[in-house]
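Below is one structure, written out as structure tokens; the observations come after it.
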């Protein structure tokens, strides 16, 4: 019971921090300059700009009703339930936060807003849910078609930009494009790019002793692959392992203690799905 409670609080914390960051970016840097935002937030801003008496938070909440029905069908009930919490936090933050930091340079505001919003999206997308909107659509694209979250968000954002070109000055649309581009980069870099996992590929004459040490001594998962030398064509055994970034030094030291002639290649593992070592949330 305690473990479930702590897990729920952790998930709620991710949703809260990410949603508030996104709402802060919109209210403090996007709206003061009349930009449009990404996804359904962008549609909500368009409606709010056209009808100023309509709260952007309330409009965003209403637009999400059909999206949540779609998410429940394609993704899962738990994701939808947690996303409802994120939606309420984000909608409330959009309605409550009222801050203009006084940055007059629109380009700087667009870049800051894109960075803050991108980090916020990456944070709450590591939870069991989202803040609704395009994130649900992005999860569907990521889960079923392997499209990265940032690319999925960009696909959704194209429709917002097309609508904006019909209603607002081109200058505002171009600044919005800068915001969306920076936002996409930060989502991919924080969620996919700044991976905490590394892939190790090890070639050693003493592969059995190396595998035993990694498995028994350090509890690293190891897979033995059959290979063949390209020059002489001799049979080889390759060891494949995915470890946390902080464990790379331990892995290399362990291998070198057993075989100082071993060949070791360390590569980034941006997107890993698995119970123990994976970095994908269980959507």
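The values are calculated or read from the model by the stated rules, or taken from the named source; none is laboratory data. Keep in mind it's a predicted model, so treat the numbers as computed, not measured. We place every Cβ from the backbone using ideal geometry, glycine too, and count neighbours over all the protein chains shown.
Laid out as a table, the results:
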read-out	value
Answer residue from the range 258-283, given it is exposed (fewer than 11 other Cβ atoms within 10 Å of the Cβ) and modelled with pLDDT of 85 or more and is nearest to residue 196 (Cα to Cα) among those	265
Residue 155 over 19 Å from residue 17 (Cβ atoms) and in a loop (DSSP other than H, G, I, E, B)	no
Residue within the range 205-225 that is loosely packed, with under 13 Cβ neighbours inside 10 Å and in the same structural domain as residue 34 (by TED's automatic domain parsing) present	no
Qualifying positions in the range 85-102 - in contact with a helix residue (DSSP H, G or I) (Cβ under 7 Å, 6 or more places away or on another chain) and in a helix (DSSP H, G or I)	85, 86, 87, 89, 90, 91, 92, 93, 94, 95
Filter result (surrounded by fewer than 21 Cβ atoms within 10 Å (Cβ to Cβ) and either in contact with a helix residue (DSSP H, G or I) (Cβ under 9 Å, 6 or more places away or on another chain) or assigned by TED's automatic domain parsing to the domain that holds residue 221 (or both)) within the range 163-173	163, 165, 167, 168, 171, 172, 173
Boolean, residue 213 is more than 30 Å from residue 139 (Cα to Cα) and modelled with pLDDT of 85 or more	yes
Residues of the range 30-71 satisfying the condition of being assigned to a loop (DSSP other than H, G, I, E, B) and surrounded by 22 or more Cβ atoms within 10 Å (Cβ to Cβ)	35, 36, 37, 38
